[in-house]
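Before I ask anything, here is the structure I am working with.
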Amino acid sequence: MKASDTGAQFLSAGYLKPPASFPRRFAQYIRERFPLGAYLPLILLFSLAAWSFSALAGERLALPGALRFLAVSASVLGFFLQLRIADEFKDFEEDSRFRPHRAVPRGLVSLNELKWVSRGAGLVQFLGALIVDERLLLLLLADWGYMGLMSKEFFVKRWLRSHLLIYLLSHMLIMPLIALYASAFEWLPADQPPDTSLLLFLLASFVAGLVIEIGRKLRAPGDEREGIETYSELWGFRRAALAWALSCAGLAGLVAIAAYAVLDSNIAAVLALGMLLPVGIAAFRFAAQASARRARHIQHASAAVVALAYLGLGPIALVFSVAAVSA
């Protein structure tokens, strides 16, 4: 089914009457496919955590200036928007067949329009790197290169789609690459190499990506849909809930280890234990009796756990470090 045909069907049925102007149609697309209320707080927190952890690891206790924080946050936001748009291209045929209600198949926006949006985000990233430190461009190109490979499914699409776990791990590698780029806004202008403890933050970012990705693809057995791949369908909802809980536990452990590496304090261990309580409750309830409501609880718990992780590795760690120096 062509996107234009799908869109015409929805329009004739009165499902949607998109505004004529692209800005208004794109605003509707953002509300549906990239809701800023959900993404922006985590992106800002992630950007601040990357900066703060890098500064703590290098014993440089300073917050970013407004321009630099704007540049790194806009760059990270651009990465995630570009990943969303890349998914629209990758999944277009499947969406047209199984999910024609989505924005692109029904004709709200076109792939060509989204391509120009992605390029615009790239221009913002390029200018941000150029303004802060032109050496950032090398890391930016590396991230773009890996995203390009992801968009092509590493040229083994059929094989990857039949090995969902490898698909998951290979795509989550973009998270530490974005984290490295975000942290470079701190250590590169300081003319310092990244501290080795930054590897713990990169690993935590990788696991945080697993938490979000697995958590958003858990469904109750009655809610599984043809053409929509989920980990609950692949592994069974109980084993999928266990995999999600183990990912959360791994993230909590990494938070404790990473924060101890830069603070020499056990305060992060307390935070990590606090992270595990809602995880255990949500996973146990879903495994005991899967339902759409309990699946949503897992999605909410995923966002909360990741937010707590970045709080612990960024602002909280920085506050405790400054307090220790001032004491």
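Excluding GLU186 itself, calculate the net charge of residues whose Cβ lies under 10 Å from the Cβ of GLU186, where each Lys or Arg counts +1 and each Asp or Glu counts -1.
Working: positive: ARG60, ARG68; negative: none.
That works out to +2.
Stokes-Einstein at 37 °C, 0.692 mPa s, Kirkwood radius from Cα pairs: D for segment 199-249 in µm² s⁻¹? Before the final figure, lay out the partial values.
Working: Rh = 11.4 Å.
In µm²/s, the coefficient rounds to 287.
Which ³J(HN,Hα) values in Hz, rounded to whole numbers, follow from the phi angles of segment 147-158 under the Karplus curve 6.51 cos²θ - 1.76 cosθ + 1.60, where θ = phi - 60° and Gly and Pro get x?
Taking θ as phi minus 60°, the curve returns 4, x, 5, 4, 5, 9, 6, 6, 6, 9, 4, 4 Hz for segment 147-158.
When the chain is treated as a GNM, springs tying every alpha-carbon pair under 10 Å, which of TYR181, TYR310, TYR260 comes out with the largest mean-square fluctuation?
So, out of TYR181, TYR310, TYR260, the one fluctuating most is TYR260.
Could you please state how large a percent of the accessible area of the chain is carbon and sulfur, counting protein chains only and using a 1.4 Å probe? If you can, show how the numbers build up before the last one.
Details: 10440 of 15800 Å².
Here it works out to 66 percent.
Next question. Just check segment 121-230 against the gyration tensor rule for me: Cα atoms, a ≥ b ≥ c as the square roots of the eigenvalues, rounded for a/c under 1.5, and otherwise prolate or oblate depending on whether a/b exceeds b/c. Provide the component values of the computation, followed by the final result.
Numbers: a/c = 2.60, a/b = 1.94, b/c = 1.34.
Taking the square roots of the gyration eigenvalues as a ≥ b ≥ c, segment 121-230 is prolate.
While we're on this one: Let me check against my output: what whole-number percent is the relative contact order of the chain, with C-alpha pairs under 8 Å and at least 6 apart? Don't skip to the answer; put the middle values down first.
Working: 388 pairs, mean separation 69.6, N = 327.
Across the chain, relative contact order equals 21 percent.
May I pose another question? Between 0 and 90 degrees, rounded to the nearest ten: what's the tilt of helix 3-12 against the longest Cα principal axis of the chain?
Result, in degrees: 70.
Looking at the chain from every direction and averaging, what is the projected area of its Cα convex hull in nm²? Walk me through the intermediate numbers first.
Numbers: hull surface 69.5 nm².
Quarter of the Cα hull surface area: 17.4 nm².
While we're looking at this one, here's another question. Using alpha-carbon positions, what is the distance between the centroids of segment 275-307 and segment 108-153, in Å?
34 Å
Which percent of Cα pairs goes in each bin when the distances of segment 128-173 are cut into 10 angstrom slices starting at zero?
Values per bin, smallest distances first: 26, 38, 22, 13, 1.
Follow-up. With springs connecting C-alpha atoms under 10 Å apart, model the chain as a Gaussian network and identify which of GLY65, GLY215, GLY253 has the largest mean-square fluctuation.
GLY65
If you don't mind, there's one more thing I want to ask. Ignoring solvent entirely, what values of log10 I(q)/I(0) come out of the Debye formula for segment 33-186 at 0.08, 0.11, 0.17, 0.19 Å⁻¹ when each Cα is a single scatterer?
-0.26, -0.48, -1.05, -1.23
A further question follows. When a/c is below 1.5 the answer is rounded, else prolate if a/b is larger than b/c, else oblate, so apply that to segment 161-208 with a ≥ b ≥ c taken from the square roots of the Cα gyration tensor eigenvalues. Display every interim value, and only then the final one.
Working: a/c = 4.16, a/b = 2.79, b/c = 1.49.
It comes out prolate by the Cα gyration axes.
Explain nothing, just compute: Karplus ³J(HN,Hα) = 6.51 cos²θ - 1.76 cosθ + 1.60, θ = phi - 60°, for every residue of segment 282-289 in order, whole Hz, x for Gly and Pro.
Each residue's phi maps through the Karplus curve to give 5, 5, 5, 5, 5, 5, 6, 7 Hz.
Take peptides 122-129, 184-191, 51-58, 151-158 and line them up by average Cβ neighbours within 10 Å, highest first, as a rough protection proxy. Can you show the working numbers first?
Numbers: 122-129: 17.6, 184-191: 19.2, 51-58: 25.8, 151-158: 12.6.
In descending order of packing, they fall as 51-58, 184-191, 122-129, 151-158.
Let me ask another. Can you list the HN-Hα couplings for segment 119-128, worked out from phi with the Karplus curve (6.51, -1.76, 1.60; θ = phi - 60°), rounded to whole Hz and with x for Gly and Pro?
5, x, 5, x, 5, 4, 4, 4, 5, x
The values are calculated or read from the model by the stated rules, or taken from the named source; none is laboratory data. Here the structure is a predicted model, which is why all the values come from computation and not from measurement. Glycine also receives a Cβ, built like all others from the backbone with ideal geometry; neighbour counts cover every protein chain displayed. Just so you know, the surface numbers come from the protein's heavy atoms only, side chains and all, with ligands and any DNA or RNA stripped out. Shrake-Rupley method; radii C 1.70, N 1.55, O 1.52, S 1.80 Å.
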